[in-house]
Amino acid sequence: MLPVNNDGWVTHSKVRQEHRPAIEHSPIAQVSAVVLHRTATANAQSVLNAWKTKKSGTHFLIAEDGTIYQSASLKKQCWHVGQLYSRCRKASSCSQEDASVIEQLLHRENASWGEKFRLVTRHELGKGYPERFPHNHDSLGIEIVGVMSAEKKIYELPSAEQQKSLFWLVDELIRSYSLSLTDIYAHGDIAHKEPSEGKASLDAYLVERAG
């Protein structure tokens, strides 16, 4: 398990503290999941610089050389998920009533797609996890430095150093919060982001742990 002090900061030698108060928000009541992100940048320093003033960010950042930075307390929410997909709709498992409500929201007249997605997110947040996908108030976020091919819309594979750090960190979070492999998500699978975001990282982790 991760050694964590009373303020929510990991005290292990593998994790470097780079506190960014701007990305910390309300207290997080319970950690039910971990969401994997990609930075769309080539280096960690540019992300750390941006997080000095940005309101969105993640609890951890894995740099291009595999260094793990913690930027927010594990006792605080970070705004890192965004607008959720409907989990049951994506799995074709909604009840008739739920499916009808979601369809009405997505086809609301005179509403932009952004407004429709926010309405669906609000609807989903009325459900408990894991009936819905995790959101800011019940998940931790990990950013992994990596750029996306503008042509193929696919993020580059994490390096060997990044994978080693990611595998260790996710393993420790699973043990610390009594999670399972099904509680680890790629950002692109659960929210309206680039579909490939976090998928290569998650796939690499699941393949490693399946072996």
Exercise. From the set of residues in segment 101-129 that are of a type in the set (S, T, N, Q) and assigned to a helix (DSSP H, G or I), which is surrounded by the most Cβ atoms within 10 Å (Cβ to Cβ)?
Worked result: Thr121
For this session: Test Lys164 against the stated conditions and say whether it is modelled with pLDDT of 95 or more and assigned by TED's automatic domain parsing to the domain that holds Ser26.
Result: yes
Seminar exercise, completed: Only one of Ala72, Ala42 is touching a residue at least 40 places away in the same chain (Cβ under 8 Å), under 17 Å from the mean Cα position of the chain (by Cα) and in the same structural domain as Gln162 (by TED's automatic domain parsing), namely Ala72
Exercise. Of everything in segment 141-160 that's among the acidic types (Asp, Glu) and outside any strand (DSSP E or B), which residue is nearest to Asp65 (Cα to Cα)?
Worked result: Glu156
Exercise. Quick one: what pairs do we get from segment 148-172, first residue small (Gly, Ala, Ser), second assigned to a loop (DSSP other than H, G, I, E, B), C-beta under 8 Å, 6+ apart or different chains?
Worked result: Ser149/Glu156; Ser159/Glu64; Ser159/Gly66; Ser165/Lys14; Ser165/Gly66; Ser165/Thr67
For this session: Return the total of residues in segment 118-161 being of a type in the set (Asp, Glu) and at pLDDT below 95.
Result: 2
For this session: Kindly indicate whether Glu64 is at pLDDT 95 or above, in the same structural domain as Gln162 (by TED's automatic domain parsing), over 27 Å from Glu151 (Cβ atoms) and among the acidic types (Asp, Glu).
Result: no
For this session: Given the conditions (1) farther than 22 Å from Val120 by Cα; (2) surrounded by 19 or more Cβ atoms within 10 Å (Cβ to Cβ), report the number of the one that Tyr185 does not fulfil.
Result: (1)
Exercise. What number of residues within segment 161-201 satisfy the criterion of being under 27 Å from Thr11 (Cβ atoms) and assigned to a helix (DSSP H, G or I)?
Worked result: 20
For this session: Tell me, please, whether a residue that is closer than 22 Å to Ser176 by Cα, polar (S, T, N, Q) and at pLDDT 95 or above can be found in segment 76-83.
Result: yes
Exercise. Quick one: how many residues across segment 1-39 are surrounded by 12 or more Cβ atoms within 10 Å (Cβ to Cβ) and assigned to a loop (DSSP other than H, G, I, E, B)?
Worked result: 15
Exercise. Ala72 fails exactly one of the following numbered conditions: (1) in a loop (DSSP other than H, G, I, E, B); (2) over 30 Å from Glu115 (Cβ atoms). What is the number of that condition?
Worked result: (2)
For this session: Say whether the condition of being more than 28 Å from Arg118 (Cα to Cα) and touching a helix residue (DSSP H, G or I) at 6+ places or on another chain (Cβ under 7 Å) is met by at least one residue in segment 134-154.
Result: no
Exercise. Pick from Ala42, Ala63: which is surrounded by 21 or more Cβ atoms within 10 Å (Cβ to Cβ) and farther than 27 Å from Thr121 by Cα?
Worked result: Ala63
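The values are calculated or read from the model by the stated rules, or taken from the named source; none is laboratory data. Small disclaimer: the values here were computed from a predicted structure and weren't measured. Cβ coordinates were reconstructed from backbone atoms using ideal geometry, including for glycine residues, and neighbour counts include every protein chain displayed.
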